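The values are calculated or read from the model by the stated rules, or taken from the named source; none is laboratory data. A quick note: this is a predicted structure, and the numbers were derived from the prediction, not measured. We place every Cβ from the backbone using ideal geometry, glycine too, and count neighbours over all the protein chains shown. The area values use the complete protein model at the heavy-atom level, side chains included, leaving out ligands, DNA and RNA. Shrake-Rupley method; radii C 1.70, N 1.55, O 1.52, S 1.80 Å.
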Amino acid sequence: MDRSELQLGHDRPLVSHLPEPVKKAARRARKRLRAQQPVSHVPVLSVVIPAYNVEAYLGECLDSLLAQKFTDLEVIVVDDGSTDGTHSVASAFARQDLRITVLHQSNSGQGIARNLGVEHARGEFLAFIDADDTVPPRAFARMVETLRQTGSDFCVGSARRMANGRFRPTVWDQSVHTRDRFETTIAEFPLAMQDIIACNRMFRTEFWREKVGGFRGRRAYEDHVPMLTAYVRARRFDILSTVTYNWRIREDLSSTSQQKASIDNLLDRISVKEEANQLLLREASPTVYNMWVARALDIDFPPFIESALAGSGMYRGILATTYRTFLGRATPEALADVRVSQKARAWLAAEERWEDLHRAQEYFLAMRKLPTTQVEDGAIVAEHQVFLRGAPHRIRELSAVESRFDGVVDHVTPMDDGRIRISGWALVRGLDMPDPSGLEAWLVETDSVRQIPLAVETYADPQATIWARDRSARYDGGGFRVTVDPSGVPQGQWQLRIQIEQRGVTRAGALHHVVTGGSAARLITTLAV
């Protein structure tokens, strides 16, 4: 029967008298036909999927796309010369859903496959998905809605790693995706560059074609420069806290660890970083450039260290030279954004102290987050370890994120006289605070400079150390209590802000956490007077 002959969507009187099971089938058919737009229909969103020997994963990927709450899309699968059943899986899906198109090319690499998909894309918006990953059901709807509202050139959602049905956040999630940021720029938020994968974002197709241009072919990390180019050339972009991508961890012959053991893979990484270096020197501010150098030291090159320790002298020599180059490019501002564990590894690799680097690997793995610390000249630094002998102060200093202010509200207690008592814990990450310390506190209006000073009572509470979940320091002395009189707080939105000054180290911040299940959940309602 031709589709035009099936009038389930327009002939309700004929359907209404049918048995309920038949009516349910009819409703399912109508829903499916609405999703399967005619070829002449121009979709809102084009999704490009390069596929090479992913027979075992492609079906799950396509199922996640076809289950999207946003249905006005086309899916372009580019079979990159697969030798397994990838093409058959894609073709079977295409026969069932007219939104899917399957293209075929001889094996040319993921970047070339993506470029071919873009050539055929007809949507206003464009997304790239890898064939072994999946997309949460509301991800596309959230990104299209955001771009419609903001007019930005692209938006970036959070990604999570996926293995055996379990999820964990990416290493940059807590620095980039803590909250939504609309219509920002790379100059305003250079930390965005820590998230530079291709598949958790959505672009305006016109912006991609005119400003970004495409992927590099026949090498690994082909998405690094295009994603960086998008950040640098966008008029504005959006950062979302919403998870928009499930990124699978694969433990097979193409696993990341095995790839990184190859010298060619290391050289590909160096090559794209040098191309990116030239791009940023030409088109970005010094602040953005510093953040990118920090990202290279903190994220891009550390995964190669294990391969260097087990690899050839040539491999080690290449990685050592690369680290010397990037440490030479790193200003104090850049190093301030690199975790101390990664700075120490970088310095040891640059010095070609491989035995000490092996010891450092074991030490930082055992510490999990932060090393034991001490205060030197007002800075929190890693305590001297044998493997760090001779390390400069700048290498041992904790990064800005590692030594940040952190705090939580534990209880909010109404008092008989109408005032409210707020208690919790405030601390500086990495700073040993075993005894009660002097704190200052204010209520600060979020959209003005108005402040209301508060008296602070400090006390020792072992729960502070338990909450922090950090082996490097004791935070028992971080307990505090403040009392607020709501009648003296003007109309508006106010935050509780605390400053800690101890042993020459000063940090301040608002309290964004509450203890789960405690009375502090009423804090927002109480202070929004």
Across region 231-246, what is the number of residues that are out of contact with any strand residue (DSSP E or B) (no Cβ under 7 Å at 6 or more places or on another chain) and under 21 Å from residue 133 (Cα atoms)?
-> 0
Over region 113-129, the set of residues surrounded by 21 or more Cβ atoms within 10 Å (Cβ to Cβ) and of a type in the set (D, E, K, R) is 114
Does region 191-214 contain at least one residue that is assigned to a loop (DSSP other than H, G, I, E, B), within 17 Å of residue 117 (Cα to Cα) and modelled with pLDDT under 95?
-> yes
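Those residues that are exposed (fewer than 14 other Cβ atoms within 10 Å of the Cβ) and either among the small types (Gly, Ala, Ser) or part of a loop (DSSP other than H, G, I, E, B) (or both), I need them from region 348-371; list them, please.
Hits for region 348-371 are 366, 368.
Name the residue, out of 173, 133, 153, that is without any contact (Cβ under 8 Å) to a residue 60 or more places away in the chain and open to solvent by less than 30 Å² (accessible area, probe 1.4 Å).
Values: 133 fails: without any contact (Cβ under 8 Å) to a residue 60 or more places away in the chain; 153 fails: without any contact (Cβ under 8 Å) to a residue 60 or more places away in the chain.
Exactly one of 173, 133, 153 is without any contact (Cβ under 8 Å) to a residue 60 or more places away in the chain and open to solvent by less than 30 Å² (accessible area, probe 1.4 Å), namely 173.
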Counted residues, region 176-195 - those being of a type in the set (S, T, N, Q) and either open to solvent by 70 Å² or more (accessible area, probe 1.4 Å) or touching a Cys at 6+ places or on another chain (Cβ under 7 Å) (or both) = 1
Check 91, 108, 82 and return the single one that is open to solvent by 10 Å² or more (accessible area, probe 1.4 Å), on the phi < 0 side of the Ramachandran plot and part of a helix (DSSP H, G or I).
-> 91
Given (1) of a type in the set (Gly, Ala, Ser); (2) under 27 Å from residue 401 (Cβ atoms); (3) open to solvent by 30 Å² or more (accessible area, probe 1.4 Å), where does residue 448 come up short, assuming only one miss?
-> (2)
Pairs where the first residue, in region 311-324, is closer than 11 Å to residue 354 by Cα and the second is of a type outside the set (Phe, Trp, Tyr) and open to solvent by 30 Å² or more (accessible area, probe 1.4 Å), C-beta under 6 Å, 6+ apart | 320/352
Among the candidates 296, 308, 344, 334, residue that is under 16 Å from residue 265 (Cα atoms), crowded, with 23+ Cβ neighbours inside 10 Å, touching a Leu at 6+ places or on another chain (Cβ under 8 Å) and not hydroxyl-bearing (Ser, Thr, Tyr) = 308
Output yes when any residue across region 481-489 is in contact with a Pro (Cβ under 6 Å, 6 or more places away or on another chain) and either in contact (Cβ under 8 Å) with a residue 24 or more places away in the chain or of a type in the set (D, E, K, R) (or both), and no when none is.
-> no
Is it true that some residue in region 469-482 is surrounded by 14 or more Cβ atoms within 10 Å (Cβ to Cβ), closer than 23 Å to residue 370 by Cβ, hydroxyl-bearing (Ser, Thr, Tyr) and under 30 Å from the mean Cα position of the chain (by Cα)?
-> yes
